[in-house]
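The values are calculated or read from the model by the stated rules, or taken from the named source; none is laboratory data. It should be emphasised that the depicted structure is a prediction, and the values quoted were computed from it without experimental measurement. In this analysis, Cβ positions are derived from the backbone assuming ideal geometry, glycine residues included, and neighbour counts consider all displayed protein chains.
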């Protein structure tokens with residue numbers, strides 16, 4: 001910007017103008033450019049080495065199916081942020097509890113194992129899905145009542161700190177429940193088994209499960225929020241809680257409902273994760289939660305569709321990094337993206353729908 | 001509770017104005033003389049040394065979170081950088097290099113980079129201050145809760161580098177960045193002018209060094225808090241917009257807070273690396289940031305004496321009461337785990353309870369207390385009317 005050495009008196013103004021234009025361009029397209037770096041680099045590399053893009057397509061497909069889990073968690077972050085402007089730090093750990101509940105429910109309460117018939121497994125998974133979702137929904141509502149509601153008028157720092165505290169409490173509950181090391185889950189759906197191959201992309205059973213659970217849930221939830229009375233109340237409260245209260249909306253109930261829905265999604269994500277990865281451990285919520293938060297910010301926090309798309313994008317980044325760079329570096333890659341988003345476009349890809357943004 | 005508070009206020013009113021200073025002087029004398037009465041290499045001694053190192057850390061985080069109101073969840077990054085500075089510049093880690101500055105005959109004979117700890121601690125403070133500014137830069141435009149996440153992300157990135165750093169060779173094959181999970185060990189023991197080199201059999205010199213370090217940092221903290229800079233931090237914490245319109249330069253002031261806080265963390269990290277005699281990637285987990293955060297929440301955000309009390313309390317809880325006194329408590333109730341396994345549950349619970357019940361901490365800072373308790377306990381019907 002200041003590197004202008006021109007002799008003409010108009011030159012500084014011109015340079016400033018160019019700088020402004022560059023900055024404007026970066027603000028609008030910088031994030032998209034940054035996002036395209038990984039796929040483009042590896043796409044070119046693939047074309048050079050294999051002559052086709054099958055490898056990259058495989059990465060992206062696996063990333064999308066992996067990203068559905070992140071998207072489900074991200075919805076919880078974005079809903080809660082939209083309505084009370086708080087990062088529900090404990091949300092990732094609610095997702096972890098969802099995984100634990102689901103796997104313990106089908107192996108413990110239902111006694112489903114690898115020997116159970118296909119029909120039994122399908123029914124068991126469906127039942128576990130409902131149980132995990134309800135448990136996480138109720139848990140999330142309780143967290144709000146205990147940790148956030150008493151501090152609703154305190155400075156923002158306070159509920160953020162209780163959220164961190166809550167996250168640690170849940171993590172240790174998980175630690176006591178399953179133990180300190182990752183535990184394996186019965187591979188009920190034969191996750192790695194290939195179903196079909198389209199254009200060189202291998203579709204596995206786990207991918208189908210992820211899409212089969214996520215797509216209906218997301219559609220149902222978006223329909224709920226856009227059409228029902230409670231959904232409308234949620235949107236109204238998110239815009240202006242005071243006005244919503246004056247219009248006769250019960251703000252407390254609405255907030256509880258928001259936490260409940262976020263918890264439902266986290267529970268579903270937990271079940272898919274357990275079947276998809278076939279291992280669960282108490283620390284999965286920390287990592288998953290941070291990925292999902294990054295996704296929510298990337299989409300524009302408060303923005304539901306943004307959270308879903310952000311989740312899918314983060315899934316792809318994670319997958320490419322796992323597959324091409326090194327799984328050990330994946331957290332650093334994802335966090336680097338988080339920081340880049342924060343620097344270049346804190347309002348996310350699709351813009352925020354929160355009070356502070358407006 | 002209220003009766004208790006009135007009693008405390010009453011008591012405070014009766015103490016003469018010089019009472020605080022007299023108490024501080026008495027405490028310092030007590031702290032100097034304490035090692036003579038306890039075992040020179042015992043658990044208690046070890047906990048006292050650790051307490052003081054954590055007081056320094058806590059004071060550093062307190063300048064960022066307590067004074068300037070910027071929630072930093074990645075403070076472990078500065079512990080890591082400080083510790084690695086000690087690892088790089090005062091150990092046999094880079095055995096190919098032969099650099100010796102101001103060290104004893106014994107260390108002079110060893111291969112590796114060996115600088116005197118006094119130099120190392122200064123380098124650590126400088127490196128961390130620069131890192132603090134670098135971490136602070138992207139957060140400047142962000143609002144409070146995003147700052148927490150970005151700093152957390154930086155902390156995690158530093159940890160990933162610490163774990164995988166053994167594969168990074170910036171300056172040639174024999175110069176890896178870190179030693180990963182194996183750790184850089186041994187780290188040079190302290191070797192101060194006019195004193196015998198330190199060893200792990202007698203912790204008294206360590207204790208006094210930590211005490212001096214802590215007193216210096218404590219004094220700096222008090223002086224900075226009451227200076228123009230400290231008042232600017234507090235103004236930003238209370239109302240950023242108002243502070244800016246009163247002429248407080250936000251960018252500069254915030255960056256100064258990050259740099260100061262980070263430098264203290266680095267000094268403590270350099271001390272801990274030498275004291276613990278290892279620099280290991282597994283030391284730098286997110287939980288450590290929360291541990292330090294719990295220290296300042298317990299003591300009272302923004303309260304210097306609160307940090308001192310909080311650090312001593314939590315260090316003894318963490319390194320003495322949990323592992324040694326109450327460890328088998330759950331098994332007495334027929335539960336099959338040790339208390340050590342769930343120490344983070346205790347911190348989590350502590351954070352939660354403190355924030356809900358007594359957000360101003362054990363030894364509150366007056367102004368902070370007003371800020372934190374204002375608005376709590378309002379009638380339910382008023383909820384949401386104050387900007388939720």
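For the condition outside any helix (DSSP H, G or I) and surrounded by fewer than 17 Cβ atoms within 10 Å (Cβ to Cβ), what is the one hit in B:72, B:96? Outline the logic, then answer.
Details: B:72 fails: surrounded by fewer than 17 Cβ atoms within 10 Å (Cβ to Cβ).
After ruling out the rest, the residue left standing is B:96.
Counting only residues that are within 11 Å of chain A (Cβ to nearest Cβ) and at pLDDT below 75, give me the helices (runs of 4 or more DSSP H) lying completely in segment B:289-388 with at least 3 of them.
B:366-373
Restricting the search to segment A:1-57, which residues are over 22 Å from residue A:343 (Cα atoms), at pLDDT below 75 and surrounded by 12 or more Cβ atoms within 10 Å (Cβ to Cβ)?
Within segment A:1-57, A:4, A:11, A:12, A:14, A:15 qualify.
Just to be sure before I move on: is residue A:167 in contact (Cβ under 8 Å) with a residue 24 or more places away in the chain and outside any loop (DSSP other than H, G, I, E, B) in the structure I sent?
Numbers: in contact (Cβ under 8 Å) with a residue 24 or more places away in the chain: yes; outside any loop (DSSP other than H, G, I, E, B): yes.
Judged against the criteria, residue A:167 is a match.
Looking at (1) more than 21 Å from the chain's Cα centre (by Cα); (2) more than 13 Å from chain B (Cβ to nearest Cβ), which one does residue A:157 not meet, given that it meets all the others?
So residue A:157 meets the others, but not (2).
Please work out if residue A:203 is within 10 Å of another protein chain (Cβ to nearest Cβ) and either outside any helix (DSSP H, G or I) or in contact (Cβ under 8 Å) with a residue 12 or more places away in the chain (or both).
Numbers: within 10 Å of another protein chain (Cβ to nearest Cβ): no; either outside any helix (DSSP H, G or I) or in contact (Cβ under 8 Å) with a residue 12 or more places away in the chain (or both): yes.
The answer is no for residue A:203.
Hey, any hits in segment A:141-153 for a residue that's at pLDDT below 85, surrounded by 22 or more Cβ atoms within 10 Å (Cβ to Cβ), farther than 30 Å from residue A:216 by Cβ and within 11 Å of another protein chain (Cβ to nearest Cβ)? Don't jump to the end; show me each part of the working.
Here is the first cut: in segment A:141-153, the ones at pLDDT below 85 are A:152-153.
With the extra rule that they be surrounded by 22 or more Cβ atoms within 10 Å (Cβ to Cβ), the set shrinks to A:152.
From what's left, farther than 30 Å from residue A:216 by Cβ: A:152.
Retained after the next criterion (residues that are within 11 Å of another protein chain (Cβ to nearest Cβ)): A:152.
Checking segment A:141-153: at least one residue is at pLDDT below 85, surrounded by 22 or more Cβ atoms within 10 Å (Cβ to Cβ), farther than 30 Å from residue A:216 by Cβ and within 11 Å of another protein chain (Cβ to nearest Cβ).
Are any of the residues in segment B:179-197 part of a helix (DSSP H, G or I) and surrounded by fewer than 18 Cβ atoms within 10 Å (Cβ to Cβ)? Can you show your working first?
Taking segment B:179-197 first, the residues part of a helix (DSSP H, G or I) are none.
No: zero hits.
Of the numbered conditions (1) buried (at least 24 other Cβ atoms within 10 Å of the Cβ); (2) within 10 Å of chain B (Cβ to nearest Cβ), residue A:302 satisfies every one except a single condition; which is it?
Among (1) buried (at least 24 other Cβ atoms within 10 Å of the Cβ); (2) within 10 Å of chain B (Cβ to nearest Cβ), residue A:302 violates only (2).
Of the conditions (1) over 30 Å from residue B:303 (Cβ atoms); (2) away from chain A (no Cβ under 14 Å); (3) surrounded by 24 or more Cβ atoms within 10 Å (Cβ to Cβ), residue B:59 satisfies every one except a single condition; which number is it?
(1)
Residues of segment B:313-367 being within 19 Å of residue B:65 (Cβ to Cβ), surrounded by fewer than 16 Cβ atoms within 10 Å (Cβ to Cβ) and free of Cβ contacts under 8 Å to residues at least 24 places away in the same chain, which ones?
Result: B:353, B:366.
Among the residues in segment B:111-130, are any within 30 Å of residue A:81 (Cβ to Cβ), more than 10 Å from every other protein chain (Cβ to nearest Cβ), under 21 Å from the mean Cα position of the chain (by Cα) and not in a strand (DSSP E or B)? Walk me through how you get there before you give the answer.
Taking segment B:111-130 and keeping what is within 30 Å of residue A:81 (Cβ to Cβ), we get none.
No.
What single numbered condition from (1) in contact (Cβ under 8 Å) with a residue 60 or more places away in the chain; (2) more than 14 Å from every other protein chain (Cβ to nearest Cβ); (3) over 13 Å from the mean Cα position of the chain (by Cα); (4) more than 22 Å from residue B:85 (Cα to Cα) fails to hold for residue B:279?
Unmet condition: (4).
From (1) modelled with pLDDT of 85 or more; (2) under 25 Å from residue B:143 (Cα atoms), pick out the condition that doesn't hold for residue A:101.
With (1) modelled with pLDDT of 85 or more; (2) under 25 Å from residue B:143 (Cα atoms) applied to residue A:101, the lone miss is (2).
Select the helices (runs of 4 or more DSSP H) contained entirely in segment A:44-146, then report the ones holding at least 2 residues which are out of contact with any helix residue (DSSP H, G or I) (no Cβ under 8 Å at 6 or more places or on another chain).
On the way: elements: A:54-84, A:91-104, A:118-143.
Result: A:54-84, A:118-143.
For residue A:137, state whether it is more than 14 Å from chain B (Cβ to nearest Cβ) and modelled with pLDDT of 85 or more. Spell out how you get there, then give the answer.
Values: more than 14 Å from chain B (Cβ to nearest Cβ): yes; modelled with pLDDT of 85 or more: yes.
When the stated conditions are applied, residue A:137 passes them.
Looking at (1) away from chain A (no Cβ under 12 Å); (2) more than 23 Å from residue B:185 (Cα to Cα), which one does residue B:91 not meet, given that it meets all the others?
The single condition residue B:91 does not satisfy is (2).
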